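Report on the following structure.
Each reported figure results from applying straightforward, stated rules to the coordinates on display, with no laboratory input. Small disclaimer: the values here were computed from a predicted structure and weren't measured. We place every Cβ from the backbone using ideal geometry, glycine too, and count neighbours over all the protein chains shown.
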Amino acid sequence: MSELLTIDQTATWLKERDDFLVLTHRRPDGDTLGSGGALAQCLRELGKTAYVLCNPGATPRYIHCIEPYIAPDDFEPEHIISVDTATVDLFPPNAAEYLNRISLSIDHHPSNTFYAEHTCLNAKHASCGEVVFDIIMKMTNHISPETAERLYIALSTDTGCFSFNNTTANTLSVASQLIEAGAPSKKLNKVLFRTKTRSRIKVEGMLLSGLEFSFDDKVAIASITRDMLAASGASEDDLDDIAAIPCSIEGVSIGIIIRELSSTNKCKLSVRTNPPYSARQICEHFGGGGHDAAAGCIINKPIPEIKELLKELIENIMELK
């Protein structure tokens, strides 16, 4: 059983140790890479050896968050830390050799399975970046510009530039402190939230034209097939936060995107919800997890079958509300 650590205990634990390797989750977003890079930067500022394991799924949008800290092949870490990762199933393949000796998990997901020897978890925080911020401030009472930029990316991307329901007063307070510490918020907001490639526009158009509404238009389901990606030329980077689109439509309480991952009927489900519905409840039914407002899972079935399963599940959920 994992030992739960407070922020104070986690800060002490980190200060008393050295030779760290930070793991991030597969299909990495701004929160896991921003949190991982910020933690490595802070530990190095304390004179410690700290690296981040290369994540093969990192896209050009976020790769700079960890690039200066990527571990060399011959690095032998003494302590393994994971950030923003609820279960061992979510790590990329190259992390396999470390999964049975993760010393510390830093997370904000209520679905965390407590796989690490120690866990620092705050499910009330909108992002893992907020948890890392608390730890860093307890260790150093200082945020460098390099750390501030990475943590701002973590916070802003996991809250939709502070527009999602998970945004709290604490989130905004931390963001304010990060800007004061040197995070280039104007530049980051422009790049991350107000700039789209032509490929992104094309795939959005395809997605919107294929939207299916049900349950008195409270549910919107869209699909992204491999053929759509090929036709639009969209990359993994172009799909960042595309899951938020269906639930942004007026009157929609449950928005779902089914993305085809391979020719073997492997699909990724991305669910976004508004109260009183829980995305986590939907995804946990299929072995996934996440938050009440945003969650995901992998299903090994073709898109038409997944849609039928979803409609059956959602009908049962709505009958209970």
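Residue by residue, here is whether (1) in contact with a Gly (Cβ under 9 Å, 6 or more places away or on another chain); (2) among the hydroxyl-bearing types (Ser, Thr, Tyr); (3) in contact (Cβ under 8 Å) with a residue 12 or more places away in the chain; (4) within 18 Å of Phe114 (Cβ to Cβ) holds:
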position: Arg27; (1), (2), (3), (4): yes, no, yes, no
position: Gly30; (1), (2), (3), (4): yes, no, yes, no
position: Leu43; (1), (2), (3), (4): no, no, yes, no
position: Ile63; (1), (2), (3), (4): no, no, yes, no
position: Asp84; (1), (2), (3), (4): yes, no, yes, yes
Subject >> Qualifying position, being within 23 Å of Leu192 (Cα to Cα), in contact (Cβ under 8 Å) with a residue 12 or more places away in the chain and buried (at least 18 other Cβ atoms within 10 Å of the Cβ), among Ala220, Ala279, Ala294, Ala244 >> reply: Ala294
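Search region 21-76 for residues being of a type in the set (Ser, Thr, Tyr) and either over 20 Å from the mean Cα position of the chain (by Cα) or not in a loop (DSSP other than H, G, I, E, B) (or both), and hand back the single one that is farthest from Gly129 (Cα to Cα).
This residue is Thr49.
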Subject >> Among residues of region 247-276, those that are of a type in the set (Val, Ile, Thr) and either assigned to a loop (DSSP other than H, G, I, E, B) or surrounded by fewer than 17 Cβ atoms within 10 Å (Cβ to Cβ) (or both), counted >> reply: 3
